Amino acid sequence: MTPVQVRGEVLSIRRVGQYHQLTIVAPGVAEQVRPGHFVAIAVGGETGAQLLRRAFSVYRTQDRGVYGGTVDIVFAEHGAGTRWLSHVRQHDTVDVVGPLGKPFALPKEPVTCTMVGGGYGSAPLFTLAEQLRERGCRVDFVLGAATEGRLFGVLEAKRMSQSVAVTTEDGSLGDKGRVTDVLPGLLERTGADVVYACGPMGMLAAVADVAARLGAHSQCAVEEAMACGIGVCMTCVLPVVGDDGVTRMVRSCIDGPVFRGDRVRWNDVGTVPADTWGAPVSEGGH
Amino acid sequence: MTRLTRVITPESSEIALPDVDMSTRLAGVTLPNPVMTASGCAGYGRELDQFFDITALGAVVTKSIMLQPRSGRPTPRMAETPSGMLNSIGLQGPGIEEFVSRDLRWLEERGARVIVSIAGGSADEYVRLAQRLRHSSAVTAIEVNISCPNVEDRGLVFACDPVASSTVVEGVRRNSAPGVPVFAKLSPDVTDIVAIAKACVDAGADGLSMINTLLGVVIDSDTMRPHLGGVTGGLSGPAIRPVAVRAVWQVHQALPDVPVIGMGGIRTGADAFEFILAGASAVEVGTTVFNDPSAPMRVSYELQQLLGARDFASLGDAVGFAHRPDDEPA
């Protein structure tokens, strides 16, 4: 896979619950995307004051079409950048770089898989579920959000899985609570081998912990603030244990966004643990 | 009539370039193109090579390398600011040995010209870095990042003190290969940048790079604390461009024979042109790469078009042109 930079035409933008779904013609990007890949989009226009690209996991792609390959993303209005993006209209041009990052690892055997999505973090899990089903895997979903309006893809999940559990923090749909309230029971009931998760860092940490306790492998797609998405700015790092047992500050854009849940030092995210490769030796050192 | 050459840009569109000699001479080294990457904004070249041919650049200026591997600072490491960003990476890197055996080797095999940026916590550390690079054929020039705290002097930044700056530059110059120019990269966070520039040149710097980032702080209005893990960070991007052009202007005026590499907020060919007119012989594109990974090539093409449109036969003719006497026409 080689990422490309394309100036893609907006094919459509529409509201989905409290989110926006954007379809961009991005030939060269769409054909290479695998579930878990992301794209980095420039916001604010060529002379705008916002320089940093916004990273979005890919929801869906269409390889061919009248217009060439298309990429769909789902996003929430968090700040000025995503607000700008929510105002693009059909036929506008958007600068897209992708596909980026390491995608979800797929099992070779037909195993039992649980997908856990927090809010619109569920976006990359649907094409993943389709590919797992093609491999003969059993797929169950757990989708959680603060409120019903912030859930994404509940009906879609129902069409492609054995079961869908829904949690909301205010109880407006499904069980009142968090995904990790229902996850242990589901993993025990299905004997899940693999948990795929995407959502806020706190949720991922809790999901990785539950998976580890119940003997399931976990694959977590992290959300870290990025400036470039292509591996040059070094802002999106987090402490991850390597195959050699050594903790390094690795880039979530290049080495992630998908990590093995048991390799991320979730409790140390936002810090540089003392035993990290190249960590400061002592106070006053370098 | 100006001859035009048609080229394909990294974004696959065809553009016409006027016949302008874009080569530039930097302290005995001739580069075919005045546009380079800025240190810390292009890694060691590999990632950007996916988007355009990095051998077409004047040089790849590598992320500052230190003697030992370094984890860098905790996150958050950046904040977006109006037309810029604040960063506090903490010079994360693999250390000089791994850099030389892996990254520098890759750049050499790829055929890229390389300006190696070095950083240290003491004058001795800079010397040892220069010694390690002395026999490498891959090094076109050395850029000395002196905007680092001196651990032997209460963390005072070398670049803010003429004596500390000259000590570092003198050590690096003395221990570098004779044919490899040494550029001191200056900080704008000083009262008199010309004084620091003169101190570096007197200590043996073959040229000057200007400017490094400006120190800043962003407070998070939700947590009501500094946003960056490292509290303070370096401000970069178009927001600082006039400060950078001012620094180049002042130093070129005082030291017209010293080659200057200009950087600080270059986003377009017109921005690069400002630096050239102010006295820079080459430019580096930094933060804009995060916005547009093919920006260095785009800036190069746009600069060439602009030079042609202003009837310059060569880039060299435009260097410092803004300093011409009032009665000299354009």
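Based on a Kirkwood Rh over C-alpha pairs, give the Stokes-Einstein translational diffusion coefficient of chain A at 20 °C and viscosity 1.002 mPa s in µm²/s. Spell out each step's value before the answer.
On the way: Rh = 19.4 Å.
D = 110 µm²/s.
For chain B, rounded, prolate or oblate, judged on the Cα gyration tensor with a ≥ b ≥ c (square roots of eigenvalues), a/c < 1.5 rounded, else prolate if a/b > b/c?
Taking the square roots of the gyration eigenvalues as a ≥ b ≥ c, chain B is rounded.
So what is the 222 nm mean residue ellipticity for chain B from helices alone, if each DSSP H run of at least 4 adds -39500 (n - 2.57) and you divide by all residues, rounding to the nearest 500 deg cm²/dmol? The partial results should precede the final answer.
Details: 9 runs with 88 residues, N = 330.
Result for chain B: -8000 deg cm²/dmol, rounded to the nearest 500.
Within a 10 angstrom radius of the beta carbon, how do B:I15, B:I115 rank from fewest other beta carbons to most?
Going from least to most buried by this count: B:I15, B:I115.
For the protein assembly as shown, treating each Cα as an identical point scatterer without solvent, what Debye log10 I(q)/I(0) comes out at q = 0.07, 0.09 1/Å?
-0.46, -0.74
Neighbouring Cβ atoms within 10 Å as the yardstick, rank A:R53, A:R135, B:R110, A:R89 fewest first. Mind dumping the intermediate values first?
Numbers: A:R53 26, A:R135 13, B:R110 16, A:R89 8.
Placing the least packed residue first, the sequence is A:R89, A:R135, B:R110, A:R53.
Determine which lysines satisfy two conditions relative to B:K63: a Cα distance under 23 Å, and not lying fewer than 8 residues away in the same chain.
B:K185
Arrange A:H37, B:H227 by Cβ neighbour counts within 10 Å, fewest through most, would you?
Ordered by Cβ neighbours within 10 Å, fewest first: B:H227, A:H37.
Quick one: work out the % antiparallel among DSSP beta bridges in the protein assembly as shown, nearest 5.
Of all bridge pairs located within the protein assembly as shown, approximately 55 percent are antiparallel.
Round to a whole angstrom and tell me the spacing of the C-alpha centers of the range A:27-55 and the range A:163-203.
That distance is 30 Å.
Can you pull out the cysteines in the protein assembly as shown that have no other Cys Cβ under 4.7 Å?
Unpaired cysteines in the protein assembly as shown: A:C113, A:C137, A:C198, A:C220, A:C236, A:C253, B:C41, B:C148, B:C160, B:C200.
Quickly work out the B:R105-to-A:E31 label distance, labels modelled 7 Å from Cα along the C-beta direction, and quote it in nm with one decimal.
3.5 nm
List the aspartates and glutamates whose Cα sits under 17 Å from the Cα of A:K158, skipping any in the same chain fewer than 8 residues away.
Straight-distance partners of A:K158: A:E130, A:E134, A:D140, A:E148, A:D175.
Would you please classify the overall shape of the range A:219-286 from the alpha carbon gyration tensor, given that a ≥ b ≥ c denote the square roots of the eigenvalues, rounded means a/c under 1.5, and beyond that prolate means a/b larger than b/c while oblate covers the rest?
Oblate, because a/c is 1.5 or more while a/b does not exceed b/c.
Can you compute the FRET efficiency between B:R128 and B:F321 using 1/(1 + (r/R0)^6), with r the Cβ-Cβ distance and R0 = 45 Å? Round to the nearest 0.05. Show your work: numbers first, answer last.
Working: r = 41 Å, r/R0 = 0.90.
Computed FRET efficiency for B:R128 and B:F321: 0.65.
Readers should treat all values here as calculations from the given coordinates under stated rules, not as data from a laboratory. As the structure is a computational prediction, the values presented were derived from the model and not from experiment. Here Cβ is always computed from backbone atoms with ideal geometry, including for glycine, and neighbour counts include all displayed protein chains.
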